[in-house]
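Okay, structure first, notes after.
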Amino acid sequence: MTSVALPSRVARWWDSDLVYSFRHSPVAVISSVTLAICLAAALFAPWIVPHNPFDLKTLDLLDALAPPAWMNEGKAQYLLGTDDQGRDVLSTIMFGARISLMVGVASVALAMLLGVALGLLSGYVGGRVDAFIMRVADVQLSFPAILIALLVDGVARAALPRDAHSHIALLVLILAIGVSNWVQYARTVRGSTMVEKNKEYILAARVIGIRPLGIMRRHLLPNVLGPVLVLATINIATAIITEATLSFLGVGVPPTEPSLSTLIRIGNDFLFSGEWWITVFPGIALVVMVLAINLLGDWLRDALNPRLK
């Protein structure tokens, strides 16, 4: 009855295979709701946080290292306790999630843009261009992604003045993670392009005089984006974990703009002195967010795989 009342276009969308699969997958629904809550908390953090952790006028060192509200000596206004500077842990988690998500999404977007462009070029042109791009990809695959990211960050630190690097540390981190992850997009798009370029609609486009760039943009790109979008969804979680690893190594964003992983690293110094909440709660938030993205990406991969239908 609901589908009948809806406009025809919305009704077709509601009854599509993808939406039907989503509605009948408890894991996909729960992970989507969880991720939506994380996104809402991160995006609207400046308006919904109990305390602004970056407003020095509101911080009081007398409130430092306060335990969660339900423990002895806990304070009601600090639900998850405070850190060594008197900042509310719940508020810092919300602001930290913004940084983690922004790094994850932006670095994946950069890797996807670079990988898709090189993959299309490699698969369509072939020959020496294909061989060169794939050999570069093979060389990069010989090194762990975290090592490539450390190399890019090290080059940026050496090339830029210290003050300049601190101001663009977030951009350098996004660049480092993005450059280290383009290969899998390029290889995926290259394989799909080599299959598609010999089909009749591509041959027809060549016959009528469409230039190679137009064929790649208008005809090949829409037909190879499916696997790329699935890969990107899963890789957002990987990028967040990579950022967490870099931050734990001291290469991430500065403490003035802490991500969840920076909060975990800072709280690790107090873990064995009894102030466990400083690192445990940001760690739980990071695990929940990454797990929700991974589960949603796994469902999307299965839902778009025609062999599983």
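The values are calculated or read from the model by the stated rules, or taken from the named source; none is laboratory data. Worth saying up front: this structure is predicted, and the values here are computed from it rather than measured. Cβ atoms come from the backbone with ideal geometry, glycine included; neighbour counts cover every protein chain shown. Remember, those area values only see protein heavy atoms, side chains included, never the ligands or the DNA or RNA. Shrake-Rupley method; radii C 1.70, N 1.55, O 1.52, S 1.80 Å.
Restricted to the range 237-255, and to residues that are open to solvent by 40 Å² or more (accessible area, probe 1.4 Å) and part of a helix (DSSP H, G or I), which residue is farthest from ASP269 (Cα to Cα)? If you could, list the steps in order and put the result at the bottom.
Initial filter on the range 237-255 (open to solvent by 40 Å² or more (accessible area, probe 1.4 Å)): 238, 241, 245, 248-250, 255.
Still in the list and also part of a helix (DSSP H, G or I): 238, 241, 245, 248.
Details: THR238: 25, ILE241: 20, THR245: 16, PHE248: 12 Å.
The qualifying residue farthest from ASP269 (Cα to Cα) is THR238.
Within the range 15-72, count every residue that is of a type in the set (D, E, K, R), open to solvent by 60 Å² or more (accessible area, probe 1.4 Å) and either in contact (Cβ under 8 Å) with a residue 60 or more places away in the chain or part of a loop (DSSP other than H, G, I, E, B) (or both).
So the answer is 3.
I need a count of the residues in the range 256-289 that are out of contact with any Pro (no Cβ under 6 Å at 6 or more places or on another chain), among the hydrophobic types (A, V, I, L, M, F, W, C) and surrounded by 20 or more Cβ atoms within 10 Å (Cβ to Cβ).
Residues meeting the conditions: 5.
Look at SER180 and say whether it is open to solvent by 50 Å² or more (accessible area, probe 1.4 Å), of a type in the set (Ser, Thr, Tyr) and within 29 Å of the chain's Cα centre (by Cα).
Against the criterion (open to solvent by 50 Å² or more (accessible area, probe 1.4 Å), of a type in the set (Ser, Thr, Tyr) and within 29 Å of the chain's Cα centre (by Cα)), SER180 does not qualify.
Residues in the range 73-82 that are surrounded by 14 or more Cβ atoms within 10 Å (Cβ to Cβ) and closer than 25 Å to LEU39 by Cα: how many?
Summing the residues that are surrounded by 14 or more Cβ atoms within 10 Å (Cβ to Cβ) and closer than 25 Å to LEU39 by Cα in the range 73-82 gives 5.
Considering only helices (runs of 4 or more DSSP H) fully contained in the range 144-219, which possess at least 3 residues that are out of contact with any strand residue (DSSP E or B) (no Cβ under 7 Å at 6 or more places or on another chain) and touching a residue at least 60 places away in the same chain (Cβ under 8 Å)?
Working: elements: 145-159, 162-167, 169-179, 182-196, 200-207, 212-215.
Answer list for the range 144-219: 145-159, 169-179, 182-196.
From the list GLN85, GLN140, which one is open to solvent by 40 Å² or more (accessible area, probe 1.4 Å) and of a type outside the set (Asp, Glu)? First the steps, then the outcome.
Values: GLN140 fails: open to solvent by 40 Å² or more (accessible area, probe 1.4 Å).
After ruling out the rest, the residue left standing is GLN85.
Which residue pairs have Cβ atoms closer than 8 Å, lie 6 or more positions apart in sequence or on different chains, and pair a first residue in the range 268-283 that is among the polar types (S, T, N, Q) with a second residue that is open to solvent by less than 40 Å² (accessible area, probe 1.4 Å) and at pLDDT below 85?
THR279/LEU263; THR279/ILE264; THR279/ILE266; THR279/GLY267
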